[in-house]
Structure formats: C-alpha cells, structure tokens
1. Determine if segment 99-107 includes at least one residue that is surrounded by 14 or more Cβ atoms within 10 Å (Cβ to Cβ), under 18 Å from residue 7 (Cβ atoms) and either in contact with a Gly (Cβ under 9 Å, 6 or more places away or on another chain) or touching a residue at least 60 places away in the same chain (Cβ under 8 Å) (or both).
2. If a residue must be within 18 Å of residue 14 (Cβ to Cβ) and open to solvent by 60 Å² or more (accessible area, probe 1.4 Å), how many such residues does segment 80-98 contain?
3. Only one of (1) open to solvent by less than 10 Å² (accessible area, probe 1.4 Å); (2) free of Cβ contacts under 8 Å to residues at least 40 places away in the same chain; (3) not charged (D, E, K, R) fails for residue 77. Which number is that?
4. Scan segment 87-107 for residues that are part of a strand (DSSP E or B) and basic (Lys, Arg) and report the count.
5. Can you pull out every residue in segment 108-129 that is open to solvent by less than 20 Å² (accessible area, probe 1.4 Å) and assigned to a loop (DSSP other than H, G, I, E, B)?
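The values are calculated or read from the model by the stated rules, or taken from the named source; none is laboratory data. Note that the structure is a prediction, hence the values are computed from the model and not measured. Virtual Cβ from ideal backbone geometry, glycine too; neighbours counted across all protein chains shown. We work out accessible area using only protein heavy atoms, side chains counted, and drop any ligands, DNA or RNA first. Shrake-Rupley method; radii C 1.70, N 1.55, O 1.52, S 1.80 Å.
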Amino acid sequence: LVQRYVVRLFLALIEGDSTVSDDVNEFGKRHECLWWKDDDGVECSKNEIRKFWLRAKGLQGSIPTEISQLSQLVDINFWGNELSGTIPEQLYSLSMLERLALNRNRLTGALSSGVGNLQKLVRLSLATN
C-alpha cells in the first residue's frame, strides 16, 4: 500500500496536482508494479519497486519526501522534468541506491553531506539544474 501511495504522489506531480485521492483510479486494483510497461515507469523485483524512471514527463514541484519509503530502490531517473527545490534529506536514506539521475530539472541548493550515506551509489547525475 505504501508503494502505491508513493507512486501516486509522483503521478500527481505529472498531472500538476499536489492532492492525492484514495479513490480507486484508472489503475484499478492492479499492483503498482504493473502500472507502466514502457521504457519509463516502475520496475520491480519480488513486488518491491527497484527502478523508478520518469524521464521528461513534466514532473513539477518538489521531490516528495515519501520516496524514502521505497527502501529497495536501486535506480532513480527523473531527468528532463521541472522538479524544483532541494533534494530531500530523506532520499539519502535509500541505502540500496546505485544510480540517481536528476539532471535537467530546476533543483537548487548545495548537495547535502547526506549523499555520503549512499554507500552503493556509483552514478550521480545533477547537471543542468
């Protein structure tokens, strides 16, 4: 249920709406790991989200702090959107994260020392912010 909620938060950013409804939406009762099939979306292993790619989808606003609830994330790629503000400290708790691509957004501020918590991180892309 937590994964469904977090993914829905990101869908609200695409729609430009920061409100999230608990109502059954167009995705019905399918597991969130089945919501996307294209090159972008969610890729899962054992029903845990491992890869979250939303490239050039028009994401607007701040990165939801709830992303930290996706504890098995290995790969995040949100390049080419309109994400703004700073990278939330909560993101640095994703201990499995190996790749983080946030380039070509509108992020501001200095990179937190919390990035040092990402022990498995091998690729960080933040250019053009």
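1. Within segment 99-107, not a single residue is surrounded by 14 or more Cβ atoms within 10 Å (Cβ to Cβ), under 18 Å from residue 7 (Cβ atoms) and either in contact with a Gly (Cβ under 9 Å, 6 or more places away or on another chain) or touching a residue at least 60 places away in the same chain (Cβ under 8 Å) (or both).
2. 1
3. (1)
4. Total satisfying the criteria: 2.
5. 118, the sole residue that qualifies.
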